[in-house]
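Asks: Take this structure first; my questions come after.
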Amino acid sequence: MKKLFSLLFLLPMADMYAQSPDTILIDYQHLPKSRIRHRVSHGNLVVLEITNINKSRYTIQVNNTSTNFFTQQPDILKKLDGSTVALNTTDDPKPPAGSSFSFNDGVLKLKAQSQDELTPFKASYKKVNEKLDSYWESLEKFKKAVNVLQQSLLYKNKLVVIKDACDGTYPTAKTSLLTATTTFVNNNKIDQEVPDSSKELLLAQVINILDHYTEAATTEKPVVEQLEKDIEEAAKSFKEDADKLMAKLGTLKKSAKADDFGNDYAILEKAIRVTNERIEAMQSNKAVVTKANGIIDNYLLLDQKNLIVNSYKTINPVNYVITQAAIADKDELKFDIKIDPKENTICTDPGLQIPVIVRTYGGFKLDFSTGFFMNFGSNNFFDQSYRLDSISGDPDNAKIARNDNRNRVIPSIGALMHAYYRTGWDFQPALAIGVSLSVGSSTKFNYHLGVSAALGREQRIIASFGWTLTQATLLSSKYQEGQVVSKATMGTTVETESFYKWGNFLAITYNLSR
């Protein structure tokens, strides 16, 4: 289990409460007149609300899915760097390397000969590992406390949904309230207490949980921070003592038996290696712990406990709405709504089943397209061939001349990577970089940089224009066109070389699938 895994989920939750959500309102009784918002800012919270529907009479399902389009990288683009780029999409800390490795220095056959180095090494080894043991113990308590506070934010979100509902009956609302609260208490109870069936006493259990883990988080926070500093300081001495000890063993190797040295080296090397792994694991946690510290501070600053208690207490017999919240963090957010009358209901409405599509704008995006390229430029952009023209009255010399080149365009097939900020519309400008392959007298890669204009949404045609860098076969740099050369020296052919030359390209590429 990765350390502080739950903290990564708390970060977006903190942002969620700091922004105003985009709300999509659907009036179930007046669907033709309902306004549905289709375009929202990338990364914003989207809340779908279905109003004027009696939840006790309908079975309601609202699911949401988020999709990014055109993210599959074409194989030809791997030629840009020779490999596919692997992205690290998480800052999860490394797990601890287990408890400290205890070694028995009594079995060391070279103990007496290295006692001057072994004694300080044992002291620094013990100190740093004791600090590490304390660190992991404190971190476990801190992680548990932060995890419970995260769960309290999720729980608060459920209370807000219930509190702000405006359609339905109070018994339905009360049932939802008790279910959410019972789940929170069961998941985060301090000992083995059983959630109470009384609404008032259940709230008392919630308050007790919040108080307990808020105190634990604030208590362990400075302990973890201080232990981080202590471990890094102790690690310096440990490294110095370890280096001296292993250097001494290296010197003794020449006079000791091979078996003696090998056994000693294995014992000490393992102790050093495992300790260093534990130190590295602690260091890998620092960034996430820092984020967690900020979350705890914000939790206290925003007084989340009182917000939870107030939301709980203000739930009264009112009408309720169905809500579904999601972050618009990709190209499209889709809500699938299915509402069916329950059996034996007195409602005559047949229900409905519709999707609500939300397109996002803003947010940096990379995607890919493939298609046809036309490459063009000056004469030096194309492969050239040359000949030797005889000179009248001078049989020993000849003049270098270029053969006529009738090429005006080099066709190629390739792929582009597009970088842009989403517009959310059918028209999308972008920067483009890519590779294409042209086949002629020789097969070669062309490299492209330019601008693009994409038309469409899920299936797009893209027009691109820009610069092309390719290799062209031209007259060797030793010669110039029109140069007079000796036939005896030159021979019958003119020497050429390959040069990288800039030109331009026009491309029509496509995204025909997600």
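Asks: Under a point spin-label approximation (7 Å from Cα along Cα-to-Cβ), what is the L352-Y510 distance to one decimal in nm?
Replies: 3.6 nm
Asks: Scan around D383 for amide H atoms under 5 Å from its own, H built in the peptide plane at 1.01 Å from N, and keep only partners 5 or more places away or cross-chain.
Replies: T473
Asks: Determine which residues of the range 206-223 fall in the zone a paramagnetic label at D196 would reach in this model, i.e. backbone nitrogen under 11 Å from the point 7 Å along Cα→Cβ.
Replies: 206-208, by backbone N distance to the label point.
Asks: Any chance you could run the full-extension gain for T119 through I391? It's 0.36 nm times the residue separation minus the Cα-Cα distance, nm to one decimal. Please list the in-between numbers first.
Replies: On the way: separation 272, 0.36 × 272 = 97.92 nm, distance 9.22 nm.
That pair, T119 and I391, stretches by 88.7 nm at full extension.
Asks: Could you list which residues have their amide H under 5 Å from that of T51, counting only those 5 or more apart in sequence or on another chain, with H placed in the peptide plane?
Replies: I26, D27, Y28
Asks: Pulled fully out, how much extra length does the chain show between A287 and Y500, if you take 0.36 nm times their separation in residues and subtract their Cα-Cα distance?
Replies: Difference between extended and current length: 72.2 nm.
Asks: Read phi for every residue in the range 118-135 and hand back ³J(HN,Hα) as whole Hz from Karplus 6.51 cos²θ - 1.76 cosθ + 1.60, θ = phi - 60°, with x for Gly and Pro.
Replies: 6, 4, x, 4, 4, 5, 5, 4, 5, 5, 5, 6, 5, 5, 5, 4, 5, 4
Asks: For V160, V148, V409, give the ranking by accessible area with the largest first, probe 1.4 Å.
Replies: Order by accessible area, largest first: V409, V160, V148.
Asks: Sequence-distant or interchain residues sharing an amide H contact under 5 Å with T496, placed H: which?
Replies: S476
Asks: Then there is this: Grab the Cα-Cα distance for R39 and F445, subtract it from 0.36 nm times how many residues apart they are, and report the gain in nm with one decimal.
Replies: So the extension gain works out to 142.2 nm.
Asks: What is the spin-label model distance, in nm, from T493 to L178 if the labels are put 7 Å beyond Cα along the C-beta direction?
Replies: Output for this residue pair reads 9.3 nm.
Asks: Applying 1/(1 + (r/R0)^6) with R0 = 30 Å to the Cβ-Cβ distance of H212 and S20, what FRET efficiency is obtained, to the nearest 0.05? Display every interim value, and only then the final one.
Replies: Numbers: r = 33 Å, r/R0 = 1.09.
Plugging the Cβ-Cβ distance into 1/(1 + (r/R0)^6) gives 0.35.
Asks: On a 25 Å Cα-Cα criterion, which of the cross-link pairs K143/K236; K144/K236; K236/K286; K143/K305 come out too long?
Replies: Going by Cα-Cα distance, K143/K236; K144/K236 fall outside the 25 Å limit.
Asks: With all protein chains present and a 1.4 Å probe, how do D389, D396 order by accessible area, largest first?
Replies: If we order D389, D396 from most to least accessible, we get D396, D389.
Asks: Tell me, what ³J(HN,Hα) does each residue in the range 266-280 have, in order and in whole Hz, if you take phi through Karplus 6.51 cos²θ - 1.76 cosθ + 1.60 with θ = phi - 60° and put x for Gly and Pro?
Replies: Per residue, the Karplus-derived 3J(HN,Hα) values read 4, 5, 6, 4, 5, 4, 5, 4, 5, 5, 5, 5, 5, 5, 5 Hz.
Asks: Let me ask something else about it. Tell me, what is the FRET efficiency for N263 and Q483 to the nearest 0.05, using R0 = 60 angstrom and their Cβ-Cβ distance as r?
Replies: 0.20
Asks: On to the next question. Put +1 on the Cβ of each Lys and Arg and -1 on the Cβ of each Asp and Glu in the range 176-250; which of V223, I207, V194 then has its Cα farthest toward the positive end of the dipole?
Replies: About the Cα centre, the residue reaching furthest to the positive side is V223.
Asks: How do W136, W502 stack up against each other in accessible area, from largest to smallest, with a 1.4 angstrom probe?
Replies: The ranking, largest first, comes out as W502, W136.
Asks: Further, regarding this structure: If R0 is 45 Å, what FRET efficiency do you get for D133 and Y421 from their C-beta distance, rounded to 0.05?
Replies: Here the calculated transfer efficiency is 0.40.
Asks: Let me check I have the definition right: for the range 375-492, take the eigenvalues of the Cα gyration tensor, multiply each by 5, take square roots. What are those semi-axes in whole Å, largest first? Intermediate values should be presented prior to the final figure.
Replies: Numbers: eigenvalues 416, 25, 23 Å².
Each semi-axis is the square root of five times an eigenvalue, giving 46, 11, 11 Å.
Asks: Follow-up. Short version: ³J(HN,Hα) in whole Hz for each residue of the range 381-388, in order, from phi by Karplus 6.51 cos²θ - 1.76 cosθ + 1.60 (θ = phi - 60°), x for Gly and Pro, what are they?
Replies: Taking θ as phi minus 60°, the curve returns 6, 9, 4, 10, 10, 9, 9, 10 Hz for the range 381-388.
Asks: With the crude spin-label approximation of a point 7 Å out along Cα→Cβ, what separation in nm comes out for L302 versus I433?
Replies: Simple spin-label model gives 3.7 nm for this pair.
The values are calculated or read from the model by the stated rules, or taken from the named source; none is laboratory data. Everything numeric in this text was worked out from a predicted model, so none of it was measured. Counting neighbours? That spans all protein chains shown, and the Cβs are built from the backbone with ideal geometry, glycine included. In case anyone asks, the SASA skips ligands and DNA or RNA and just uses the protein heavy atoms, side chains included. Shrake-Rupley method; radii C 1.70, N 1.55, O 1.52, S 1.80 Å.
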